[in-house]
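Structure first, then comments.
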Amino acid sequence: MRKHILLTNDDGFDAVGLKALKEALEPIAKITVVAPAKNKSACGHSLTLDKPLKLDMVDDDYYRVDDGSPTDCIFVSINNLFEEDFKPDLVISGINIGANLGEDITYSGTAAAAMEAVLHKIPAIAISQVCKDNCSEVKNGWDFSLAKETIVKLATKILEGKFPLEERKFLNVNIPQVKPENCNGIKITKAGYREYGNDTHRHLNPRGEEYYWIGLHPLIWRKSEDESCDFEAIKANYVSITPIMLDLTSYKDIDTLENWINN
């Protein structure tokens, strides 16, 4: 039986990155797309609980979820479009327009879709196209060839054998903004430490009422001594692959807290 891949994203069902992802993977598997009806960037691992969700068919095996998050897309689709014993063999979220490096993973709707998939015991990959300067450069026709080449390689490995990670873990992939011939290879990385600033813009509407617009922070990070983090890999024109786990427990602090609370 032909393998089956479920695709989603957080940029919306008509995003160029999602279309590039589908085009890359169609030769190796059956593809179903379930994506948000509009951009849901930075929505995190959110489920919509305050309103019903509508699953609209756009084309054969291509759906959009009105007002839905990437997590909604995965949750609704695997429980309604697939039979119990025939879940997708793999979930891939992307190709996101913009990096998902360091702590941005916690904001990312792209990463959240992969989180949801592994909660349902389905292997998952989140893949993002890094923009060094202006993301409109990507939206207006950036070459996704390196991202497409990378995701086909990873998906093929997973579909042909055992997923390399334990349960509730997924791969977070970031692609440097270079052509394949200018990429230095693949690095397995740890998530770096992102430095965040204040990019909130205050404005007045025509009635004199204040409103605020959150902008995009530049990619600034705390330098890694061994240069093994995702930011450093991207800077050096490597594809970054970071294994991510959903268990957020700080195990090394358990004994410290035990002593603190009991003394």
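Here are a few things to note about the model shown:
- Comparing 142, 213, 221 in a Gaussian network model of the chain where C-alpha atoms under 10 Å apart are linked, the largest mean-square fluctuation is found at 213.
- The separation of the range 6-30 from the range 95-121, counted between C-alpha centres, amounts to 15 Å.
- Annotation: peptides 45-55, 101-111, ranked by per-residue average of other Cβ atoms within 10 Å with the highest first, follow the order 101-111, 45-55.
- Near-label residues of the range 228-259 by backbone N, under 15 Å of a point 7 Å along Cα→Cβ of residue 217: 231
- Chain lengthening between residue 85 and residue 203 when straightened (0.36 nm per residue, less Cα-Cα): 37.2 nm
- When the solvent-accessible area of the chain is split by element, carbon and sulfur atoms take up 50 percent of it, the probe being 1.4 Å.
- Over 21 Å (Cα to Cα) - which of 30/187; 132/223; 3/148; 169/235; 22/157 fall in this group: 30/187; 169/235
- In the chain, Cα pairs under 8 Å separated by at least six residues give a relative contact order of 17 percent.
- Spatially proximal aspartates and glutamates relative to residue 190 (Cα-Cα < 16 Å; intrachain offsets below 8 disregarded): 103, 104, 225, 226, 227, 230, 232, 247
- Per residue accessible area in Å² of the chain, where ligands, DNA and RNA are left out and the probe is 1.4 Å: 56 Å²
- Annotation: peptides 159-166, 253-260, ranked by per-residue average of other Cβ atoms within 10 Å with the highest first, follow the order 159-166, 253-260.
- Per-residue SASA entry for residue 251, accessible area with 1.4 Å probe, Å² rounded to 10: 140 Å²
- Think of each Lys and Arg Cβ as +1 and each Asp and Glu Cβ as -1; about the Cα centre, that makes the dipole of the chain roughly 420 debye.
- Rel. contact order, % - alpha carbon contacts under 8 angstrom, at least six apart, the range 50-92: 22 percent
- 11 Å tail of the calculated P(r), the range 59-102, as % of Cα pairs: 75 percent
The values are calculated or read from the model by the stated rules, or taken from the named source; none is laboratory data. Quick caveat, the model's predicted, so the values are computed rather than measured. Glycine also receives a Cβ, built like all others from the backbone with ideal geometry; neighbour counts cover every protein chain displayed. When the accessible area is computed, the model is the full protein with side chains, heavy atoms only, and any ligands, DNA or RNA have been set aside. Shrake-Rupley method; radii C 1.70, N 1.55, O 1.52, S 1.80 Å.
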